[in-house]
Number of protein chains: 4
Amino acid sequence: MLAGKRSFSVCSRTMASKTPVGFIGLGNMGNPMAKNLVKHGYPVIVYDVFPEACKEFQDLGAQVTESPADVAERADRIITMLPSSPHAKEVYTGGNGILKKVKKGSLLIDSSTIDPAVSKELAKAAEKTGAVFMDAPVSGGVGAARAGNLTFMVGGVEQEFNAAKELLTCMGSNVVYCGEVGTGQAAKICNNMLLAISMIGTAETMNLGIRLGLDPKLLAKILNMSSGRCWSSDTYNPVPGVMEGVPSANNYQGGFGTTLMAKDLGLAQISATSTKTPVPLGSQAHQIYRMMCAKGYALKDFSAVFQFLREEESL
Amino acid sequence: MLAGKRSFSVCSRTMASKTPVGFIGLGNMGNPMAKNLVKHGYPVIVYDVFPEACKEFQDLGAQVTESPADVAERADRIITMLPSSPHAKEVYTGGNGILKKVKKGSLLIDSSTIDPAVSKELAKAAEKTGAVFMDAPVSGGVGAARAGNLTFMVGGVEQEFNAAKELLTCMGSNVVYCGEVGTGQAAKICNNMLLAISMIGTAETMNLGIRLGLDPKLLAKILNMSSGRCWSSDTYNPVPGVMEGVPSANNYQGGFGTTLMAKDLGLAQISATSTKTPVPLGSQAHQIYRMMCAKGYALKDFSAVFQFLREEESL
Amino acid sequence: MLAGKRSFSVCSRTMASKTPVGFIGLGNMGNPMAKNLVKHGYPVIVYDVFPEACKEFQDLGAQVTESPADVAERADRIITMLPSSPHAKEVYTGGNGILKKVKKGSLLIDSSTIDPAVSKELAKAAEKTGAVFMDAPVSGGVGAARAGNLTFMVGGVEQEFNAAKELLTCMGSNVVYCGEVGTGQAAKICNNMLLAISMIGTAETMNLGIRLGLDPKLLAKILNMSSGRCWSSDTYNPVPGVMEGVPSANNYQGGFGTTLMAKDLGLAQISATSTKTPVPLGSQAHQIYRMMCAKGYALKDFSAVFQFLREEESL
Amino acid sequence: MLAGKRSFSVCSRTMASKTPVGFIGLGNMGNPMAKNLVKHGYPVIVYDVFPEACKEFQDLGAQVTESPADVAERADRIITMLPSSPHAKEVYTGGNGILKKVKKGSLLIDSSTIDPAVSKELAKAAEKTGAVFMDAPVSGGVGAARAGNLTFMVGGVEQEFNAAKELLTCMGSNVVYCGEVGTGQAAKICNNMLLAISMIGTAETMNLGIRLGLDPKLLAKILNMSSGRCWSSDTYNPVPGVMEGVPSANNYQGGFGTTLMAKDLGLAQISATSTKTPVPLGSQAHQIYRMMCAKGYALKDFSAVFQFLREEESL
């Protein structure tokens, strides 16, 4: 019986917790995440489409493989961190994908941010091979990845959550169970959509207030003690001079890039379209970050929308 | 010298702090506000366009007058609480308006929520008569007006702020100086615009998350510990069942009416247009509350936007 | 050589022009389209997921089959008319799909309105079997389908266009070649997005004009001789009483349903997201038709947006 | 009786049709308009806030005056062409305004584009002096002003329309009666709002189509024979290379400036707000032209929105 096999495998995995862990996708985020696994004593088996990305891990003692399928042959716990839905499809279900050689009972954790509908597809495909797939996208950027304090939002079979958590806590300080497969992605997409809306809202509100004669610091203070308060106004204010230690104090460098926000809003848009959910401000936020990307803001922090909106008209 | 006269008057006003205070506009908000002045021992001289609104105050020992000009003749401190810009213009500059008979050095405090440009006009007109005009719109509804814990956002000459505060603290727990005339209105409009944006954003985000399979309480919890957090998600969540003691737990009754939010967003729109400030989400929020008013939501709390958006499509 | 085989097949197809034609999808649109093929003397081989939809065709002498694969076995020219991308994927690439048994050189014409990216996928899959896939979505509703004057927008290899046109002219009066595979869909999606935008624009403009005191007929006349003119103002005016013979003159019955417009705008949204194209008004139009669907307008003509927007606010 | 006096004056005005006509506001538009009056044999009495603007007219034999009041003293038919609502208020009701010295029965025609509510205010003020005020904003730019083929949209008492038309036909080829005072402005604002919406819609649609692989000329052709057709697609296409003789063929020079479109959309917004009319796309169009003004497009033709949206994202 499948369920029986699965719980057995979970058992064996847990017992041998320092058996090798596969890691696929060693980019800006994957690199420090995988290193944190190494630091916690896990033997790591890596793959990246760019061989040079693996080199550093070879020096750390990791096994380097030739394909996702190879990783799946050697490790029964695998974490993937990939840039988009098509990449994830290829790594899991492609010709040399994980599912070609995955062992029954393996635990597959995808930390990419992708369309929740794709997560569900991959979970179904994994189930057919007897493996368990969970989506576990992260919140927090490269800094949090290095420091090991990412937040993971996890979707999948609840019985497997503890097994996933064991690994994810090596890389994050916060591991939240969200529900069935795809809900990790859903939670992330939802948070970022609301974040984008409230950031743009904060930027246009601060700009309007300034033009109406209010001092920006005073306005921020008033908002933050009132019902307009939000994370973008009280923790990450987009107006230069209002707060220290945020991207707006540093010419919008660092932080969470506009192009990444535009990507997440695109995913929100696709999910809203397929579920026929009206998201009037979310769709407008998507358009605004899209336009910003085209106007040279792609690599600036997403709070640069204040700069985008504030420019004075001139003839 | 005008400035000299003015500071002298301030002085005389301050010395005689329990001299009569005029109050014009005894509606849902003005009524409890004026009563709080009475409770604090101020003799009150009242006027309302509907004579029956004054009756209750006659019984409380207040003088009832025939016109705003009459009030101005008998009191050198006057508070006005009116529904819109045209009403404020009429009460101050109309044929029987305050300015027809205002005494030099009088302090005129307008707690109406109106276009900041109109506040500036009225301040100029008042200045010509030797009186001082301040805008002091409130945040908080009828409940806060009764309890005397409104927030006042005050714009006007800074030297007069203490004189205004003396009266306003009888009616509010929070009196904030915002800057020159009009900035009280600006602060209020800004806060409410950001509030509307983040409320709609919260509503559409919660709705999307629910349709993607997330439990609403869990989603709210995730947002509230993440960067999507805002007052509308953590203090006034629009989804029934997520929080107690908020309008969404009571069929969207009570709270801040959709029609009032639409009015404030209209003021924000006018201010943004006249200062040429782009407010892409603010203008969209205005349109959404406008449509809600036309669909029967006018008297429901503004968090009912969740209900407006959640309805399932059906053929 | 594949190209050689293909042109040979084309040749044989053309020579035997009254050989059987397959038709899959006999819904509201497919039914009258297939009947027009019969009227033009083509033997038709039909399949529909609902067997009863085929019955009528049996009586007309058509062969009824058990699956799309069966159709492909018996006909080397097939037309499909399906409700959405997933249906099209299933009919072409599913377990009993066309491509399981398609003959080399077959011509596959998909008249469904789907994501152009899916059309491209299907074309690639068809190419691997030696068949030719073209997308040919239609403009015009059930009435035009019956009358045989649909417009077809065709994407695919140009050399095959004449072969497709031979069949499509039996069902439509206008067959336009748009470019490579997917461009038929692109043209349709683009037209409908602009149509939705200008219809909503016309509705809100007419509504504003009426509230500002203009007579609706006069306003329409002024717009139509000025730069605001569009098909929605001069041919399909959404305001009751302005024109005869349009859905607005008949309580918004007939015409092009709001739910269908919402679907097409969803496709536009997906295409815009995947090509990173900013479509600020198109995305807003999508949201508005989405909200209308949830408010009971799903089956009304899409010009009912005037009715949706015009309702007066009332307390 | 006032009505009697008025019709008498009309009569005397008509009989002496080549009596002097006042003209106030000799800017880009007013200059060629006033010249066309001169060409038609009308003695002209001019005023402009910049004295140098009058010089040219002195050379043409016109009387130059010191103030709007002076003009009103010498002419009983006056045309005004001013940049905005505050200017119009000043010229009519200011200290040296027309109404200070206007003769009973005078005909005052304001061709400025302003808030229709302001037109109504000015009409009321004029009526108190026994004069007749009409609003008659124009459509068409500097070229049409020079060529004398502007379109005038006229609001005011219908009996005075012919008297106004006599003068306006010297400057325009099309003089349309729209209804009571303010409806001329309303018609213009409505047309330009729909124009802005359909222009942005055309721009984003063409851009999307191009990115989906369609040839722009072909796409324009398809739209123009379909329901997406509008003036912006078939007469003033915003995509370079699609049409000749339009601003898009000339780097968006000439035509109707983005800053002027933003102004008219601001007026539409104010009118919509005051009449509580939802204009979801109109308000978004306003925001987009506002952002364009801030991004250096202020003086380009408004069809440059295609250029604004088309820029490719780049990292």
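What follows is calculated from the coordinates using simple rules that are stated; it is not laboratory data. These numbers were taken from a predicted model, which means no experiment stands behind them. As a convention, Cβ positions derive from the backbone with ideal geometry for all residues, glycine included, and neighbour counts pool all protein chains shown.
Computed packing ranks the peptides C:180-189, B:119-128, D:170-179 as C:180-189, D:170-179, B:119-128, most packed first, by mean other Cβ atoms within 10 Å.
Database remark: amide H of residue B:172 closer than 5 angstrom to the amide H of B:150 (H placed geometrically; neighbours at sequence offset of 5 or more, or on other chains; Pro and chain starts carry no H). With charges set only on the Cβ (+1 for Lys and Arg, -1 for Asp and Glu), what does the dipole of the range C:2-179 come to about its Cα centre, in debye to the nearest 20? Charge dipole of the range C:2-179: 480 debye, to the nearest 20. Placing a label point 7 Å from Cα along the Cα-to-Cβ axis, residue A:299 is separated from the same position in the other copies by 3.3, 5.6, 5.8 nm, shortest listed first.
Take each residue in B:180-189, count the other chain C-beta atoms within 10 Å of its C-beta, and the mean is 4. Highest-first packing order for the peptide set D:74-80, B:146-152 is D:74-80, B:146-152, based on the mean count of other beta carbon atoms within 10 Å.
Taking every alpha-carbon pair under 8 Å whose residues sit at least 6 apart, the range D:2-181 reaches a relative contact order of 20 percent.
Note on residue A:188: lysines with a C-alpha under 18 Å away, same-chain residues under 8 apart excluded, are A:120, A:165, A:263, B:217, B:221.
Over the range A:80-200, all Cα pairs binned in 5 Å intervals from 0 give whole-percent P(r) values of 2, 12, 22, 23, 21, 12, 5, 2, 1, 0, listed from short to long. Taken about its Cα centre, the range B:16-119 carries a charge dipole of roughly 400 debye when the Cβ of each Lys and Arg holds +1 and the Cβ of each Asp and Glu holds -1. Max-minus-min Cα coordinates of the range A:2-180 on each principal axis give 39, 33, 33 Å, with the largest extent listed first.
Projecting the Cα positions of B:170, B:228, B:154 onto the charge dipole of the range B:139-239 (unit charges on Cβ atoms of Lys, Arg, Asp and Glu, taken about the Cα centre) puts B:228 furthest along the positive direction. Taking only the C-alpha atoms of the range A:144-247, Rg followed by Dmax gives 18.0, 57 Å. Stretching residue A:40 away from residue A:147 to a fully extended chain increases their span by 37.2 nm, per 0.36 nm per residue minus the current alpha-carbon distance.
All distinct Cα pairs of the range B:182-315 go into the 1/r average, and the inverse of that average, the Kirkwood radius, is 15.2 Å. How far, in degrees from 0 to 90, does helix C:30-39 lean away from the longest principal axis of the Cα atoms of chain C, to the nearest 10? That works out to roughly 60 degrees. Taking Cα centre as origin and charging only the Cβ of basic (Lys, Arg, +1) and acidic (Asp, Glu, -1) residues, the dipole magnitude of the protein assembly as shown rounds to 0 debye.
Per-residue Karplus couplings for the range C:124-135, computed as 6.51 cos²θ - 1.76 cosθ + 1.60 with θ equal to phi - 60°, are listed in order as 5, 4, 5, 4, 4, 8, x, 9, 10, 10, 10, 9 Hz, Gly and Pro entered as x. Per residue of peptide D:230-239, the mean number of Cβ atoms on other chains within 10 Å of the residue Cβ is 4. What is the Cα radius of gyration of chain C over 2.2 N^0.38 Å, N being its residue count? Ratio of Rg to 2.2 N^0.38 Å for chain C: 1.09. Highest GNM mean-square fluctuation among C:288, C:200, C:45, for chain C modelled with Cα contacts below 10 Å: C:288. For residue D:77, nonlocal amide neighbours, meaning residues 5 or more places apart or on other chains whose placed amide H falls under 5 Å from its own, are D:22, D:107.
Under the 0.36 nm per residue contour assumption, what length would be gained going from the current alpha-carbon distance of residue D:96 and residue D:244 to full extension? So the extension gain works out to 48.5 nm. Between copies, residue B:56 shows label-point distances of 6.5, 6.8, 7.0 nm, shortest first, with the point placed 7 angstrom from Cα along Cα to C-beta. For the range D:244-253, 3J(HN,Hα) computed residue by residue from phi via the Karplus equation (6.51, -1.76, 1.60; θ = phi - 60°) reads 9, x, 10, x, 5, 8, 9, 6, 6, 8 Hz, glycine and proline entered as x. Comparing Cα centroids, the range C:63-98 and the range D:151-187 end up 63 angstrom apart.
In the range B:155-208, the convex hull through the Cα atoms has an average projected area of 4.4 nm², a quarter of its surface area. Rounded, prolate or oblate: which fits the protein assembly as shown, taking a ≥ b ≥ c as square roots of the Cα gyration tensor eigenvalues, rounded meaning a/c under 1.5, else prolate when a/b beats b/c? It is oblate, given that a/c is not under 1.5 and a/b is not larger than b/c. Residue-wise HN-Hα couplings along the range B:80-95, as the Karplus relation 6.51 cos²θ - 1.76 cosθ + 1.60 with θ = phi - 60° gives them from phi, are 10, 9, 10, x, 6, 3, x, 4, 5, 4, 4, 5, 8, 10, x, x Hz; Gly and Pro carry x. In this assembly of identical copies, the label point of residue A:74 (Cα plus 7 Å along Cα-to-Cβ) is separated from its counterparts by 5.6, 9.4, 9.8 nm, sorted shortest first.
Axis-proximal residue of chain A for the rotation onto chain B, reported as residue and distance in whole Å: A:230, 2, based on Cβ position.
Give me the net charge of residue D:53's neighbourhood, meaning all other residues with Cβ under 15 Å from the Cβ of residue D:53; Lys, Arg count +1, Asp, Glu -1. Around residue D:53, the charge tally is -3.
Within 10 Å of the Cβ of each residue in C:261-273, the mean number of Cβ atoms contributed by other protein chains is 4. With the charge dipole of the range A:2-180 set up from +1 on Lys and Arg Cβ and -1 on Asp and Glu Cβ about the Cα centre, the Cα lying farthest toward the positive end among the listed residues A:51, A:97, A:113 is that of A:97. Using a cutoff of 8 angstrom between alpha carbon atoms and counting only pairs six or more residues apart, the relative contact order for chain A works out to 12 percent.
With a cut-off of 10 Å between beta carbons, the residues surrounding residue B:136 carry a summed charge of 0, where Lys and Arg count +1 and Asp and Glu -1.
Which net charge results for the neighbourhood of residue D:228, defined as the other residues with beta-carbon distances under 11 angstrom from its beta-carbon, given Lys and Arg at +1 and Asp and Glu at -1? So the environment of residue D:228 carries a net charge of +1. Look at the dipole of the range C:187-309 built from charges on Cβ: of C:219, C:287, C:250, the Cα furthest out on the positive end belongs to C:287.
Here the label points at residue D:169 and residue D:311, each 7 Å from Cα along the C-beta direction, are separated by 5.0 nm in the simple model. Here the peptides A:295-306, B:213-224, B:239-250 are ranked by packing, the mean other Cβ count within 10 Å, and the order with the highest first is A:295-306, B:213-224, B:239-250. With contributions of -39500 (n - 2.57) from each DSSP H run of at least four residues, the per-residue ellipticity at 222 nm computed over the protein assembly as shown stands at -15000 deg cm²/dmol. The angle between the Cα long axis of helix B:258-274 and the main principal axis of chain B comes to about 70°, on a 0 to 90 degree scale. Measuring from centroid to centroid over Cα atoms, what is the spacing of the range D:221-244 and the range B:266-302 in Å? Each part's Cα centre sits 33 Å from the other's.
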